[in-house]
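K.L.:
Questions regarding the structure given below will be posed in turn.
The values are calculated or read from the model by the stated rules, or taken from the named source; none is laboratory data. All values reported here derive from a predicted model rather than from experimental measurement. Positions of Cβ are backbone-derived with ideal geometry, glycine not excepted, and every protein chain shown enters the neighbour counts. Accessible surface areas use protein heavy atoms only, side chains included; no ligands, DNA or RNA. Shrake-Rupley method; radii C 1.70, N 1.55, O 1.52, S 1.80 Å.
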Amino acid sequence: QVQLVESGGGLVQPGGSLRLSCAASGSFFNINAMGWYRQAPGKQRELVATITSGGNTNYADSVKGRFTISRDNAKNTAYLQMNSLKPEDTAVYYCHALAYRYIGDRLHDYWGQGTQVTVSS
């Protein structure tokens with residue numbers, strides 16, 4: 001099993017910055033990819049950014065140029081640096097991981113509990 005713990009959310013004014021962290025722990029062989037998703041009230045959960053173990057990244061168009069995802073494989077931790085935040089970035093942000101529990105296993109999905117990000121003046 002993989003446990004994901006997010007931190008770093010909060011209230012920020014428009015134009016401000018926040019950095020989210022997601023630490024993975026538990027018993028697993030390898031974490032293949034990590035990412036961030038978000039869900040605003042009344043909307044479906046949507047992809048924000050993903051990063052593979054090799055460092056390949058993917059971003060939603062709405063955050064390109066403003067958000068940066070990174071990863072420390074030695075610490076099994078992913079980060080999301082969010083700059084130039086807008087009110088429409090307000091949402092609960094969820095960490096996601098794809099992991100192998102042991103050699104020869106298939107990939108499994110894991111989710112964190114979520115952290116609230118509110119952008120408001």
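K.L.:
Tell me, please, whether a residue that is farther than 21 Å from Ala40 by Cβ, over 14 Å from the mean Cα position of the chain (by Cα) and open to solvent by less than 20 Å² (accessible area, probe 1.4 Å) can be found in the range 72-91.
P.N.:
Checking the range 72-91: not a single residue is farther than 21 Å from Ala40 by Cβ, over 14 Å from the mean Cα position of the chain (by Cα) and open to solvent by less than 20 Å² (accessible area, probe 1.4 Å).
K.L.:
Being touching a residue at least 60 places away in the same chain (Cβ under 8 Å) and more than 14 Å from the chain's Cα centre (by Cα) is the filter; apply it to the range 14-30 and report the residue that is least open to solvent (accessible area, probe 1.4 Å).
P.N.:
Gly16
K.L.:
Shifting gears a bit: Only one of Ala40, Ala23 is modelled with pLDDT of 95 or more and more than 17 Å from Phe67 (Cβ to Cβ). Can you tell me which?
P.N.:
Residue meeting the stated conditions: Ala23.
K.L.:
Further question: Report, by residue number, each residue of the range 1-13 that is touching a strand residue (DSSP E or B) at 6+ places or on another chain (Cβ under 7 Å) and either open to solvent by 50 Å² or more (accessible area, probe 1.4 Å) or in a loop (DSSP other than H, G, I, E, B) (or both).
P.N.:
Correct list: Gln1, Gln3, Val5, Ser7, Gly8, Gly9, Leu11.
K.L.:
Mind listing just one residue for me: the one in the range 29-85 that is in a loop (DSSP other than H, G, I, E, B) and touching a helix residue (DSSP H, G or I) at 6+ places or on another chain (Cβ under 9 Å) and, of those, nearest to Ala97 (Cα to Cα)?
P.N.:
Ala40
K.L.:
Let me ask you something else. Just checking, does the range 108-119 include any residue being open to solvent by 40 Å² or more (accessible area, probe 1.4 Å), under 15 Å from Val2 (Cβ atoms) and touching a residue at least 60 places away in the same chain (Cβ under 8 Å)?
P.N.:
yes
K.L.:
Would a scan of the range 54-66 turn up a residue that is in contact with an Asp or Glu (Cβ under 8 Å, 6 or more places away or on another chain), surrounded by 14 or more Cβ atoms within 10 Å (Cβ to Cβ), at pLDDT 95 or above and hydrophobic (A, V, I, L, M, F, W, C)?
P.N.:
Scanning the range 54-66, I find at least one residue that is in contact with an Asp or Glu (Cβ under 8 Å, 6 or more places away or on another chain), surrounded by 14 or more Cβ atoms within 10 Å (Cβ to Cβ), at pLDDT 95 or above and hydrophobic (A, V, I, L, M, F, W, C), so the answer is yes.
K.L.:
Select from the range 86-98 the residues that are in a strand (DSSP E or B) and hydroxyl-bearing (Ser, Thr, Tyr) and write down the one among them that is farthest from Pro14 (Cα to Cα).
P.N.:
The extreme case among them is Tyr94.
K.L.:
Another question, if that's okay. Can you tell me which condition Tyr102 does not meet? The list is (1) open to solvent by 20 Å² or more (accessible area, probe 1.4 Å); (2) under 15 Å from the mean Cα position of the chain (by Cα), and all the others hold.
P.N.:
For Tyr102, the exception is condition (2).
K.L.:
Within the range 50-64, is there a residue that is in contact with a strand residue (DSSP E or B) (Cβ under 6 Å, 6 or more places away or on another chain), of a type in the set (Phe, Trp, Tyr) and touching a residue at least 12 places away in the same chain (Cβ under 8 Å)?
P.N.:
For the range 50-64, residues in contact with a strand residue (DSSP E or B) (Cβ under 6 Å, 6 or more places away or on another chain), of a type in the set (Phe, Trp, Tyr) and touching a residue at least 12 places away in the same chain (Cβ under 8 Å): absent.
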